[in-house]
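Structure record follows, encoded as structure tokens.
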Amino acid sequence: MNRKGIRRSFRYPSAELRDQVRAAVKERGFSSEQAFLVAACEHEIRQGANTEATEQFEARVAATLANLARQVQGLQTLAHAQLALTDVEPPEDALPAARVRARLRYQKLVRAAAEQISNKNRETLKGILADE
């Protein structure tokens, strides 16, 4: 006698659960309680695999949203900088003071840019000298 499957007996924890399983077997057209339990086990295993895939998908979506948030923040900063550098014409009586403030702001911007350029050049020179 050659058996193709592995046999395992199952003990229901309550009579109520066994009655529910028997009712589900009849409703859903399974040939036996065993066929129903095997189908339930297979379904649960598939759901477990789907849950893991869903969690990975959610992690990728969250990372994408975080990346987009950083990019939007960068665009917002750029928009603020462009607005700050836009020359808005003040009223006629405030024009001389506005010109002085604008000139000071421009000088500060030029100094900061020159400092950044010199720092980058300094790093490049250090790199070249270190290679020699």
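Bear in mind that the values in this text are calculations on the coordinates, not laboratory data. Quick caveat: nothing in here was measured; it's all calculated off a predicted structure. Please note: Cβ atoms are built from the backbone with ideal geometry, for glycine as well, and neighbour counts cover all protein chains shown.
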Degrees separating the helix 95-131 axis from the principal Cα axis of the chain, which is the longest one: 70
Within-12-Å neighbourhood charge of ASP19 [Cβ basis; K, R +1; D, E -1]: +1
Segment 4-69 - convex hull of the alpha-carbon atoms, volume per residue in Å³: 153
Neighbourhood net charge (12 Å Cβ-Cβ; Lys/Arg +1, Asp/Glu -1) for PHE10: +3
Rg followed by Dmax, in Å, when segment 39-115 is reduced to its Cα trace: 27.0, 85
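Where does the charge balance sit around LEU37 when Lys and Arg score +1, Asp and Glu -1, over other residues with C-beta under 13 Å from its C-beta?
Details: positive: ARG7, ARG8, ARG11, ARG18, ARG22, ARG28; negative: GLU33, GLU42, GLU44.
Taking every other residue near LEU37 into account, the sum is +3.
Which number comes out as Rg/Rh for the chain once both Rg and the Kirkwood Rh are worked out on C-alpha atoms? Mind showing how you got there, number by number?
Working: Rg = 36.3 Å, Rh = 23.9 Å.
Using Cα coordinates only, the ratio equals 1.52.
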Principal-axis tilt of helix 15-28 within the chain, Cα atoms, nearest 10 degrees: 80
Cα long-axis angle, helix 33-85 against the chain (0 to 90 degrees, to the nearest 10): 10
